[in-house]
1. How about residue 270: which lysines have a C-alpha closer than 27 Å to its C-alpha, ignoring those fewer than 8 places off in the same chain?
2. Would you list which lysines come within 29 Å of residue 27, measuring only between C-alpha atoms, while excluding same-chain residues fewer than 8 positions from it?
3. Given H placed on each backbone N at 1.01 Å, which residues far from residue 74 in sequence or on other chains put an amide H within less than 5 Å of it?
4. Have a look at 193, 140, 88 and report the one farthest towards the positive end of the charge dipole of the chain, computed about the Cα centre with Cβ charges (Lys/Arg +1, Asp/Glu -1).
5. Note down the net charge around residue 249, summing +1 for each Lys or Arg and -1 for each Asp or Glu among other residues with Cβ under 13 Å from its Cβ.
6. For a protection proxy built on the mean count of beta-carbon atoms within 10 angstrom, sort 11-18, 46-53 highest first, please.
7. Report the percentage of all Cα-Cα pairs in the stretch 3-87 whose separation exceeds 21 Å, rounded to a whole percent.
8. For 136, 263, what's the fewest-to-most ordering of other Cβ within 10 Å of each Cβ?
Amino acid sequence: MPIFMDRHEMAQVTAEAVANAHMEDLKLQERYGCRAITYWFDEVRGTAFCLFDAPSPAVVREMHRAAHGQVPNEIIEVKPAEVMAYLGRVLDPDLPPGESLREPAFRVLMFTDMANSTAITDALGDHAAFDLIRQHDEIVRNALMANGGREVDRAGDGFLASFFSVESGVTCAIEIQRVLERRNSAGGVTPIQVRIGLGAGEPVTDGSAIFGSVVNQTSRICACAPPQHILVSSVVRELCVGKKFDFSDIGPVSLKGFPNPVHLYEVSWKS
């Protein structure tokens, strides 16, 4: 059967109430030929997301209606690999007895791209270029580990990573650029220059699947960034209000594959 993810807008609902609703789904799942796999609940945004193995979206709606009356606002079909890559799991996590699940499905995405990697390989040769890429990978992975980032995929000559918070994502991007600048300034080394793009969103938002749109948008944002620069979407910028970061307004930018210009901002990272 296909796998579906749904979204519920549930303002002023507690994590305990969402957990109880999930238990009611489990009681009725066999009657409707479904399997309630897991859920995520974001108390701050008042949204819940459920993952189902089910015959159709209509069956998911009917089961929710019969179990607890909380009919989803939106349902999309997803691939388990997409869910795992973006959200980090496809099963209920192990929780202490009596503990309710509080895990937001909102994610911040970061793409990095090593500039001029093909030219570097041509100039240095395969062996030296491989050593340079190894240094690049180590710097990025150390920054991810230090800032709670999760490596989702190797994206060409860079990385796709996810974070639970915008602060962690932007801090990680700044750290990567600063560590690379210190390395490049040491002298006697081939410079490593990286462009970085950040975007953010939820898995299901008003009829569009983040598994495609926001991932693609963040990739395009990264591609727009000059080497040694960090560009972010307006969502990331807005969620950083009141935090320690400085931004420059780039303005609306046309991104390949998107019909309307996307407003971008640049993160100042040089201390």
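1. Once the sequence-local lysines are set aside, what remains near residue 270 is 243, 244.
2. Candidates past the 8-residue exclusion: 79.
3. 7
4. Sorting the options by dipole projection puts first 193.
5. -2
6. So the order, starting with the most tightly packed, is 46-53, 11-18.
7. That fraction is 22 percent.
8. Sorted ascending by nearby Cβ count, the order is 263, 136.
Values quoted throughout were computed directly from the atomic coordinates according to the rules given, and no laboratory measurement underlies them. Not measured: the values here are computed from a predicted model. Here Cβ is always computed from backbone atoms with ideal geometry, including for glycine, and neighbour counts include all displayed protein chains.
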